[in-house]
Amino acid sequence: MLNFLNPLRGLDAGTVVLRMLLSCLCGAAVGVERSAKNRPAGFRTHILVCVAANLAAMTGLYLYLELKMPSDISRISAQVISGLGFIGAGTIVVTRNLSVKGLTTAAGLWTTGIVGLAIGSGYYELAVIGTALVLIAETFFGMISARIHRPPEYTVELAYDEKTSLENVLRLCKDQRMSIVNLRVRTIAVSADDGAQYTATITLRGNVETDDMLRQMRMMHGVVAVAAL
């Protein structure tokens, strides 16, 4: 810890104002980057999360240090960390192609809240370093992540009337070194004569010739129809 900041770690009026302003600044720094990328939680949301966490931490300190109440000063902060999970969950969405969006924003909100707790506790150095690292992760490392090559994803809808057919199709996908990202199976028809017919929606990731893979699936015993979505 930096010793010259020790006079600012109390709970007098000046340090309270300083902590409020610093939490607003740190939240805004992260929020501006998220707003620039048009993410669900932007400028104002990050400020509110950081300021609220700061208030919670200072309230716990005030109850214990100033009012001398027999309270655990860490309990309020612990509840803040748990509550941040609910806020972050609101930014996570599953798109129509079953990909997940918003995890980085949710993690950024959670981290911003903890930065606010650090400010409210008087640990300014940690808060500033944490904010800087969040910005680096969301900007510089974001550009690196965008350059990483990812195999394309394919969604295939498979209709079949024998349960072993799905196992054979999945085995084919694994033999083609494709990753199975998502699998949904449902029964679409049941009759006394023909038995049950099933439909499976399979999301795959890998570098393969799609037309050739679909042709091999259609040739499998028990497969009624195959279509790429």
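What residue among GLY120, GLY85, GLY27 has the largest mean-square fluctuation in a Gaussian network model of the chain, using Cα springs under 10 Å?
Among GLY120, GLY85, GLY27, the largest mean-square fluctuation in the Gaussian network model of the chain belongs to GLY85.
Using only Cα atoms, what is the ratio of the radius of gyration of segment 6-46 to 2.2 N^0.38 Å?
Taking N as the residue count of segment 6-46, the ratio is 1.49.
For each of ARG150, ARG19, count neighbouring Cβ atoms within 10 Å of the residue's Cβ, then give the residues from fewest to most.
ARG150, ARG19
Could you grab the relative contact order for segment 153-228? Cα pairs under 8 Å, six or more apart, rounded to a whole percent.
Dividing the mean separation by the residue count of segment 153-228 yields 48 percent.
Quick one: check the C-alpha center-to-center distance for segment 18-40 versus segment 208-229, whole angstrom.
Result: 49 Å between the Cα centres.
So for segment 142-189, what percent of the C-alpha to C-alpha distances run longer than 11 Å?
Cα-Cα pairs in segment 142-189 separated by more than 11 Å: 77 percent.
Using only Cα atoms, tell me the angle between helix 163-175 and the longest principal axis of the chain; keep it within 0 to 90° and round to the nearest 10.
It is inclined by approximately 70 degrees.
Mind checking the full-extension length gain between THR155 and MET69? Use 0.36 nm per residue of separation minus the Cα-Cα distance, one decimal, nm.
Length difference between fully extended and current span is 25.0 nm.
Label TYR62 and VAL224 with points 7 Å out from Cα along Cα→Cβ: what is the distance between them in nm?
Label-label distance for TYR62 and VAL224, simple model: 6.7 nm.
In debye to the nearest 20, how big a dipole does segment 153-228 give about its Cα centre with +1 on each Lys and Arg Cβ and -1 on each Asp and Glu Cβ?
My answer is approximately 300 debye.
Rounded to the nearest 500, what is the chain's calculated 222 nm mean residue ellipticity when only DSSP H runs of at least 4 contribute -39500 (n - 2.57) each, over all residues?
Calculated from helices alone, the mean residue ellipticity at 222 nm is -17500 deg cm²/dmol.
If you look at just the Cα atoms of segment 81-158, how large are its Rg and its Dmax in Å?
According to the Cα coordinates of segment 81-158, Rg and Dmax are 16.4, 59 Å.
Report the label-to-label distance for TRP110 and ALA132 in nanometres (one decimal), using points 7 Å from each Cα along the Cα→Cβ vector.
If labels sit at TRP110 and ALA132, their model points lie 2.5 nm apart.
What is the angle, in °, between the Cα long axis of helix 13-36 and the longest principal axis of the Cα atoms in the chain? Nearest 10 is fine, range 0 to 90.
Between helix and principal axis, roughly 20 degrees.
Fewest first, what order do MET69, MET58, MET220 take by the number of other Cβ atoms within 10 Å?
Going from sparsest to densest Cβ surroundings: MET69, MET220, MET58.
Just to verify a number: FRET efficiency for GLN197 and LYS37, C-beta to C-beta distance, R0 = 45 Å, to 0.05?
0.50
Just to be sure I understand the model, the point goes 7 Å from the Cα along the line to the Cβ. What's the resulting ASP12 to ASP211 distance in nm?
Going from the ASP12 label point to the ASP211 one covers 7.9 nm.
Provide LYS68, LYS37 in ascending order of the number of other Cβ atoms located within 10 Å of each residue's Cβ, fewest first.
Arranged by neighbour count, lowest to highest, LYS68, LYS37 become LYS68, LYS37.
Angle between the Cα long axis of helix 73-89 and the longest principal axis of the chain, 0 to 90 degrees, nearest 10?
Approximately 30 degrees, to the nearest 10.
With charges only on Cβ, +1 for K and R and -1 for D and E, what is the dipole size of the chain about its Cα centre, in debye, rounded to 20?
My answer is approximately 440 debye.
Using a Debye calculation, one point per C-alpha and no hydration shell, please list log10 I(q)/I(0) for segment 153-228 at q = 0.12, 0.21, 0.25 Å⁻¹ in order.
-0.30, -0.87, -1.20
Only the coordinates and a few stated rules stand behind these numbers; no lab work does. Please read all numbers here as calculations on a predicted model, not as lab measurements. In this analysis, Cβ positions are derived from the backbone assuming ideal geometry, glycine residues included, and neighbour counts consider all displayed protein chains.
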